[in-house]
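Student: Once you've had a glance at the structure underneath, I'll fire off some questions.
What follows is calculated from the coordinates using simple rules that are stated; it is not laboratory data. The model shown is predicted, which means the values in this text are computed figures rather than measured ones. When we count neighbours, we look across all protein chains shown, and the Cβ atoms used for this are built from the backbone with ideal geometry, even at glycine.
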Amino acid sequence: MNQHSDLMIPDTGQKRLVIIGGGFAGIELTQKLKSADLQVVMLDKHNFHTFQPLLYQVATGGLEPSSIAYPLRKALRNVPNAIFRMAEVLEIYPQENILETNIGRLSYDYLVIATGSKTNFFNFTREVSAQMMQLKSVNQALDLRSYILQNFEKALLTKDETEKESLLNIAIVGGGPTGVELAGALGEMKNHILPKDYPELDFRRMQVHLFEASGELLSAMSDDSSEKALKYVKQFGVNVWLNTLVTGYEDNVVKLNNGKNIRTQTVIWTAGVMGASINGLNPESKGPANRMLVDAYNKVKGHENIFALGDIACMVSEEWPKGHPMVAPVAIQQADLLGENLKKKMKNAEMKPFKYFDKGSMATVGRNKAVVDFPGGKVKMGGFIAWLAWMFVHVMTLIGFRNKLIVMVGWLYNYFNYDHTLRLIIRPYPTKEVGSDATL
Ligand SMILES: Cc1cc2nc3c(=O)[nH]c(=O)nc-3n(C[C@H](O)[C@H](O)[C@H](O)COP(=O)(O)OP(=O)(O)OC[C@H]3O[C@@H](n4cnc5c(N)ncnc54)[C@H](O)[C@@H]3O)c2cc1C
């Protein structure tokens, strides 16, 4: 094929495989293809990979952003056939095998979409959702950190008790792992750190609320782990509202379906995600929650040379009628297999269908407290040992030795000092583009 590129990518005579997204799936796939006779082009709108599981620690001042992010150019250094361009893909033209990006057009022979997910605000209008904070990117984590700290600074200056209450209170919507981890971390800050930083403020008046529409926290985990997480999060002083829907947010008041109102200037939405899809594909490829329907080989429905991996891919099977969970191991395992299968495809060998190996799930609530469900869900673990296991798994999954070391040292320091020193307000928030995708 005659290759087209406005992105200064040379025509090597090899087939060109373009990967959109340098997340867990994108990086794993490039590693798998380093010996393949293909030109691999990775495009990402950021020049770094984000380790999303630890974003909440950046948001709460526990870790610096650079310790959970990794430069994509460095990640590709050992892949001689790979090229990186920082570019946002805006549209796909599958008839011509061409992508439209913010820096020009690029042709492909094979396309892999690994764009992950974005926040799903369900039926909330743009006007309402723009007032809520999100936690999907490093930028949003830093915005959240600055915003919360700015509110405490403002609380010091107001004599209006209602205003003070709304500045101190924090509402988290969604009792999944992100909501629970964030609530626990904020509860810990309230108990151990904030009273030292702001001795003039009475933090007994600060309320951290966690709203969950279903009857339990961590509903994807076992009942045992859900109950333990509820107990732990309450021990951190968090007010947990189960079976409670947030129905609106206006004039700094969160409205609930039970008729109650909670006054706060900080609402963090962790209640839903949807695929970060790109326009242009066959409508039949569109699956639930904006994800792309793929077959057992991750090939997108209705397209022969387009694949999707990780959060954006929805592979429906008897075992997984709603697709696989949107977690890192699924993305990594799918990328691993697609790498093998593409090499087989080029040799006209038979490809292998995907089978998810579920390694179990875990979530931490805070210091000394986490829950772990082992594969199969029969064996569970909670408390200190689970917390150690959670830390070990997360440190080992981070990319780069430096990041592993810095996170470990940071955690040790925080553990013994009940303190961390990253409470810098470096991004005055809100900006003009409050809550907009422009800050992603
Ligand atoms: C706060 C939080 C906590 C989490 N905790 C856990 C956990 O504890 N354990 C776990 O297993 N999973 C966790 N997850 C989920 C996990 O992070 C995802 O399942 C995983 O990142 C999916 O990998 P991916 O490669 O599909 O996408 P991502 O890792 O999201 O990567 C997508 C990449 O695509 C890029 N991109 C998107 N759109 C475009 C575009 N149009 N053009 C160019 N580039 C684009 C993005 O910049 C990004 O780099 C968490 C997620 C969040 C948000």
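Student: Any idea what angle helix 383-397 forms with the longest principal axis of the chain, computed on alpha-carbon atoms, 0 to 90 degrees, nearest 10?
Tutor: Helix 383-397 and the main axis of the chain meet at about 40 degrees.
Student: Which angle from 0 to 90°, rounded to the nearest 10, does the C-alpha axis of helix 328-346 make with the longest principal axis of the chain?
Tutor: Tilt of helix 328-346: around 0 degrees.
Student: On to the next question. Could you tally the net charge around Arg263, taking each other residue with its Cβ under 15 Å from the Cβ of Arg263, Lys/Arg +1 and Asp/Glu -1? Please report the intermediate quantities before stating the final value.
Tutor: Working: positive: Lys154, Lys164, Arg205, Lys255, Lys260; negative: Asp160, Glu161, Glu163, Glu165, Glu250, Asp251.
Here the count lands on -1.
Student: Ok, one more. Could you work out the equivalent-ellipsoid semi-axes for the range 157-255, taking the square root of 5 times each eigenvalue of the Cα gyration tensor, largest first, in whole Å?
Tutor: So the three semi-axes of the range 157-255 are 26, 17, 8 Å.
Student: Can you compute the charge dipole magnitude of the range 43-186 about its Cα centre, using +1 on each Lys and Arg Cβ and -1 on each Asp and Glu Cβ, nothing else charged? Give it in debye, rounded to the nearest 20.
Tutor: Working: 13 positive and 15 negative charges, 88 e Å.
Dipole about the Cα centre, nearest 20: 420 debye.
Student: For Phe357 and Tyr418 in one chain, what is 0.36 nm times their gap in residues minus the Cα-Cα distance, to one decimal in nm? Don't jump to the answer; show the numbers that get you there.
Tutor: Details: separation 61, 0.36 × 61 = 21.96 nm, distance 3.74 nm.
Net length gain for the segment: 18.2 nm.
Student: Also, quick follow-up: Can you find, among Ala289, Tyr232, Trp320, the residue sitting farthest towards the positive end of the charge dipole of the range 205-351, where Lys and Arg contribute +1 and Asp and Glu -1 at Cβ?
Tutor: Positive-most Cα among the choices belongs to Tyr232.
Student: Turning to a different aspect of this structure: Rg/Rh for the chain to two decimals, with Rh computed the Kirkwood way over all alpha-carbon pairs. Walk me through the numbers before you get to the answer.
Tutor: Details: Rg = 22.5 Å, Rh = 22.9 Å.
So for the chain, dividing Rg by the Kirkwood Rh gives 0.98.
Student: May I ask you to compute the full-extension gain from Lys286 to Asn120, defined as 0.36 nm times their residue separation minus their alpha-carbon distance, rounded to one decimal in nm?
Tutor: Additional length available on full extension: 58.2 nm.
Student: Would you compute the Debye intensity of the range 300-391 from its alpha-carbon atoms alone, equal scatterers and no solvent, and pass along log10 I(q)/I(0) at q = 0.15, 0.16, 0.18 Å⁻¹ to two decimals?
Tutor: Here log10 of I(q) over I(0) equals -0.71, -0.77, -0.88.
Student: How are the alpha carbon pair distances in the range 22-124 distributed across 5 Å bins from zero to the largest one, expressed in percent?
Tutor: Percent of pairs per bin, in order: 2, 11, 19, 20, 19, 13, 8, 5, 2, 0.
Student: About the Cα centre, and with charges only on the beta carbon of Lys, Arg (+1) and Asp, Glu (-1), how big is the dipole of the range 29-116? Nearest 20 debye, please.
Tutor: Details: 8 positive and 8 negative charges, 79 e Å.
The dipole of the range 29-116 has a size of about 380 debye.
Student: Then there's this: Would you please give the FRET efficiency between Asp223 and Gln14, computed as 1/(1 + (r/R0)^6) with r the Cβ-Cβ distance and R0 = 51 Å, to the nearest 0.05?
Tutor: Values: r = 52 Å, r/R0 = 1.02.
Working from the Cβ atoms, E equals 0.45.
Student: Just for the range 168-275, what percent of DSSP beta bridges are antiparallel, to the closest 5?
Tutor: Roughly 35 percent of the beta bridges in the range 168-275 run antiparallel, per DSSP.
Student: Follow-up question, since we're still on this one. Any chance you could give the angle, 0 to 90 degrees and rounded to 10, that helix 223-235 forms with the longest Cα principal axis of the chain?
Tutor: Roughly 40 degrees, rounded to the nearest 10.
Student: To the nearest 20 debye, what is the magnitude of the charge dipole of the chain about its Cα centre, counting +1 on the Cβ of each Lys and Arg and -1 on the Cβ of each Asp and Glu?
Tutor: 860
Student: When the Kirkwood radius is taken over all Cα pairs of the range 352-419, what Stokes-Einstein diffusion coefficient follows at 4 °C and 1.567 mPa s, in µm²/s?
Tutor: Numbers: Rh = 13.4 Å.
Translational D for this selection: 97 µm²/s.
Student: I would also like to ask the following. Once Lys and Arg get +1 and Asp and Glu get -1 on their Cβ, which of Leu63, Leu135, Ile92 lies farthest toward the positive end of the dipole of the chain?
Tutor: Leu63
Student: Here is a follow-up. Only loop residues by DSSP count here, and only those with at most 13 other Cβ atoms within 10 Å; note down the trypsin sites (Lys or Arg not before Pro) in the range 42-151 that meet that. Mind showing how you got there, number by number?
Tutor: On the way: sites: Lys45, Arg73, Lys74, Arg77, Arg85, Arg105, Lys118, Arg126, Lys136, Arg145; in loops: Lys45, Arg77, Lys136.
Answer in residue order: Arg77.
Student: Label Arg402 and Thr162 with points 7 Å out from Cα along Cα→Cβ: what is the distance between them in nm?
Tutor: With each label placed 7 Å out from Cα toward Cβ, I get 5.1 nm.
Student: Find which of Leu182, Ile148, Thr115 sits farthest along the positive direction of the dipole of the range 101-193, computed with +1 on the beta-carbon of Lys and Arg, -1 on that of Asp and Glu, about the Cα centre.
Tutor: Positive-most Cα among the choices belongs to Thr115.
Student: Once fully extended, how much extra length lies between Glu91 and Leu245, figured as 0.36 nm per residue of separation less the alpha-carbon to alpha-carbon distance? Before the final figure, lay out the partial values.
Tutor: Values: separation 154, 0.36 × 154 = 55.44 nm, distance 3.55 nm.
The Glu91-Leu245 span can extend by a further 51.9 nm.
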